[in-house]
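The values are calculated or read from the model by the stated rules, or taken from the named source; none is laboratory data. From a predicted model like this one, the values you see are computed outputs, not experimental measurements. Every residue, glycine as well, gets a Cβ built from its backbone with ideal geometry; the counts of neighbours run over all protein chains shown. Surface areas here come from the heavy atoms of the whole protein model, side chains and all, with no ligands, DNA or RNA. Shrake-Rupley method; radii C 1.70, N 1.55, O 1.52, S 1.80 Å.
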Amino acid sequence: MADKVSDSVKINASPEEVMTVIADLEDYPNWSDGFTAVEILSTHDDGATKDASFSISTPVGKDTYEISYVWRGNESVSWTLNSDESGKPKSSMMKKLDGTYRLAPDGDGTKVTYELEIDPKIPMMGFMKKKAASTIVDQALNGLKKRVEKGR
């Protein structure tokens with residue numbers, strides 16, 4: 001069963017500046033823990049990434065997985081774990097990896113909410129899955145905040 005977690009952070013930048021960093025997927029290994037490589041596999045008609053392959057290294061192991069994206073301007077981006085023709089997830093470690101970044105103007109900055117639904121293939125007790133998902137969300141938000149604010 002998948003676990004859902006969500007958290008928010010205020011970033012001292014405009015939604016456009018934040019989304020620019022989020023959309024630069026190939027830069028993730030430079031600021032987001034665990035990512036070792038990112039490859040853009042396909043793009044939407046407007047040039048935004050449609051499908052990407054991510055390689056990660058975690059204390060639990062290494063994985064390469066594929067994600068499909070839906071972009072909504074500077075308001076949000078959602079993603080789902082891709083599956084092959086037989087419906088098998090394109091990941092050795094996860095059955096499900098769906099998420100969203102939601103951006104909203106907040107005074108002189110942007111409130112960024114990160115939502116994640118994850119179901120690892122590795123058997124884990126419920127509280128451990130929830131803790132792992134919470135750690136991913138926390139690292140993603142803090143890494144994003146540091147990267148965006150550093151670039152200002």
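Going by the conditions given, is S53 over 25 Å from E16 (Cβ atoms) and in a loop (DSSP other than H, G, I, E, B)? Answer is no for this residue. Of the listed requirements (1) open to solvent by 20 Å² or more (accessible area, probe 1.4 Å); (2) touching a residue at least 12 places away in the same chain (Cβ under 8 Å); (3) in a strand (DSSP E or B), V70 misses just one: (2). Inside the stretch 1-33, can you point out the residues that are outside any helix (DSSP H, G or I), out of contact with any Phe, Trp or Tyr (no Cβ under 8 Å at 6 or more places or on another chain) and closer than 16 Å to W79 by Cβ? Matches in the stretch 1-33: A2, K4, V5, D24, S32. When each of D63, D33 is tested for being at pLDDT below 95, touching a helix residue (DSSP H, G or I) at 6+ places or on another chain (Cβ under 9 Å) and charged (D, E, K, R), the lone residue that passes is D33.
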